1. Going through segment 64-117 one residue at a time, which ones are of a type in the set (Val, Ile, Thr) and in contact with a Lys or Arg (Cβ under 6 Å, 6 or more places away or on another chain)?
2. Looking only at segment 110-162, count every residue that is within 17 Å of CYS54 (Cα to Cα) and among the aromatic types (Phe, Trp, Tyr) and tell me the total.
3. Output the number of the condition that VAL148 fails; it satisfies all remaining conditions of (1) of a type in the set (A, V, I, L, M); (2) under 17 Å from the mean Cα position of the chain (by Cα); (3) outside any strand (DSSP E or B).
4. Consider segment 203-217. How many of its residues are open to solvent by less than 60 Å² (accessible area, probe 1.4 Å) and not in a strand (DSSP E or B)?
5. Which one of ILE83, ILE28, ILE120 is under 19 Å from ARG12 (Cβ atoms) and in contact (Cβ under 8 Å) with a residue 40 or more places away in the chain?
6. Could you list, in sequence order, the residues of segment 95-131 that are open to solvent by less than 20 Å² (accessible area, probe 1.4 Å), modelled with pLDDT of 95 or more and β-branched (Val, Ile, Thr)?
7. Could you run through segment 151-165 and say how many residues are open to solvent by 60 Å² or more (accessible area, probe 1.4 Å) and at pLDDT 90 or above?
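The values are calculated or read from the model by the stated rules, or taken from the named source; none is laboratory data. Here the structure is a predicted model, which is why all the values come from computation and not from measurement. Every residue, glycine as well, gets a Cβ built from its backbone with ideal geometry; the counts of neighbours run over all protein chains shown. Areas reflect the complete protein model, heavy atoms only, side chains present, ligands, DNA and RNA absent. Shrake-Rupley method; radii C 1.70, N 1.55, O 1.52, S 1.80 Å.
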Amino acid sequence: MAKANKKPSGRRFVLSLGGSLIAPKEGIDLNFLTGFRSLIARQVRRGRRFIIVCGGGAPARTYQAAASGLAPASRDELDRVGIAATRLNAELVRVMFGRLSPARVVTDPRRPLPAGKPVIIGAGWEPGCSTDYDAVLLARKFGARTVVNFSNIAYVYDKDPRKFRDARPLRSLSWAEFCGRFGCRWSPGLNSPFDPVAAKEARRRGIKVVVADGRDLTNIGRILDNKEFEGTVLG
């Protein structure tokens, strides 16, 4: 089992929370959300602050597929459908955190961040990129040097582990290596370990990204506590 040895540090974290964790095909994952809320609340009691950017998950792809079947939808139109799903998920997560979160979801990373609450919730912004890109922009604004990307995969692999039994987990990749393997262009509903548009922005800004399995709450705790963890470091 591969383990990354480079760790995020500090008291401010930007988490890109994959929609597959919030709303997989089976429906909203209440067990995961309950455990995740408890973990983040414990971290907040230790003085840490978070921006959590929510992805669209299965609802985004379901609605995008329906839109494509109903009309000749453009790329931007499909993106806007997916963005709406991220905002619905984000509202759910914002309500879940209650008094720890501001009253509004951040949907434009250019605007001033809401103050006074330790857990800010974000969602999709505009067509042409994913919530990973929004997370990178918010990390720069928030003063975080690392974005932690949680999805339903434990690492970045050298090939699709769902199709190839011999897929090998990669402990770390430079941004040049990442773009060489996964490309540098965005398409609506893209299934990539990290948005290539976000990768280019992170590279430009000197921001690292950790890719890890968000379903493993113990591993999430290790990442946030600056301990050895399972996952891939990009950048």
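1. VAL105, the sole residue that qualifies.
2. 4
3. Every listed condition holds for VAL148 apart from (3).
4. Counting residues in segment 203-217 that are open to solvent by less than 60 Å² (accessible area, probe 1.4 Å) and not in a strand (DSSP E or B) gives 5.
5. That would be ILE120, the only listed residue that is under 19 Å from ARG12 (Cβ atoms) and in contact (Cβ under 8 Å) with a residue 40 or more places away in the chain.
6. Across segment 95-131, the qualifying residues are VAL105, VAL106, VAL119, ILE120, ILE121.
7. Result for segment 151-165: 0.
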